[in-house]
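What follows is a set of notes on a single structure, which appears directly below.
The values are calculated or read from the model by the stated rules, or taken from the named source; none is laboratory data. What you see is a predicted model; the values in this text were computed from it and never measured. Ideal geometry is used to build each Cβ from the backbone, glycine not excepted, and the neighbour counts take in all protein chains shown. These area figures cover heavy atoms from the full protein model, side chains too; ligands, DNA and RNA do not enter into them. Shrake-Rupley method; radii C 1.70, N 1.55, O 1.52, S 1.80 Å.
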Amino acid sequence: MYVIFRCDCGRVLYAKKGVASRKCTCGKTIKVKTRRILKKVETAQDASEAVQKMQEEIYGGTIFRTAQELKEDTLQNRLNKFI
């Protein structure tokens, strides 16, 4: 079972039920027990999808990309500057 909650910075996160704390990408360490649980799901895959969906609703179409995709975009942007 996984629980979904929000950090003070607004980011939606998930953690396995029973975990004491989780670190957000903003750098804050969050005590999971003190957070209001937004949703509970069974698998990590379901949790990941739910977090992505919630983030998109909050920030209006935010697209999650892999590190490789970001690297390729950055490289393409650099090349476009020289053309």
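Values computed for the structure shown
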read-out	value
Yes/no for Lys53 being among the basic types (Lys, Arg), within 13 Å of the chain's Cα centre (by Cα) and at pLDDT 80 or above	yes
Qualifying residue in region 3-14 (condition: surrounded by 12 or more Cβ atoms within 10 Å (Cβ to Cβ), of a type outside the set (Val, Ile, Thr) and over 24 Å from Gly60 (Cβ atoms))	no
Failed condition for Val3, given (1) modelled with pLDDT under 95; (2) outside any helix (DSSP H, G or I)	(1)
Single match in Lys40, Lys33 (criterion: open to solvent by 80 Å² or more (accessible area, probe 1.4 Å), part of a strand (DSSP E or B) and modelled with pLDDT of 90 or more)	Lys40
Long-range neighbours under 8 Å by Cβ, at least six apart or interchain, first residue of a type outside the set (Ser, Thr, Tyr) within region 65-83, second surrounded by 11 or more Cβ atoms within 10 Å (Cβ to Cβ) and modelled with pLDDT under 70	Asp73/Arg65
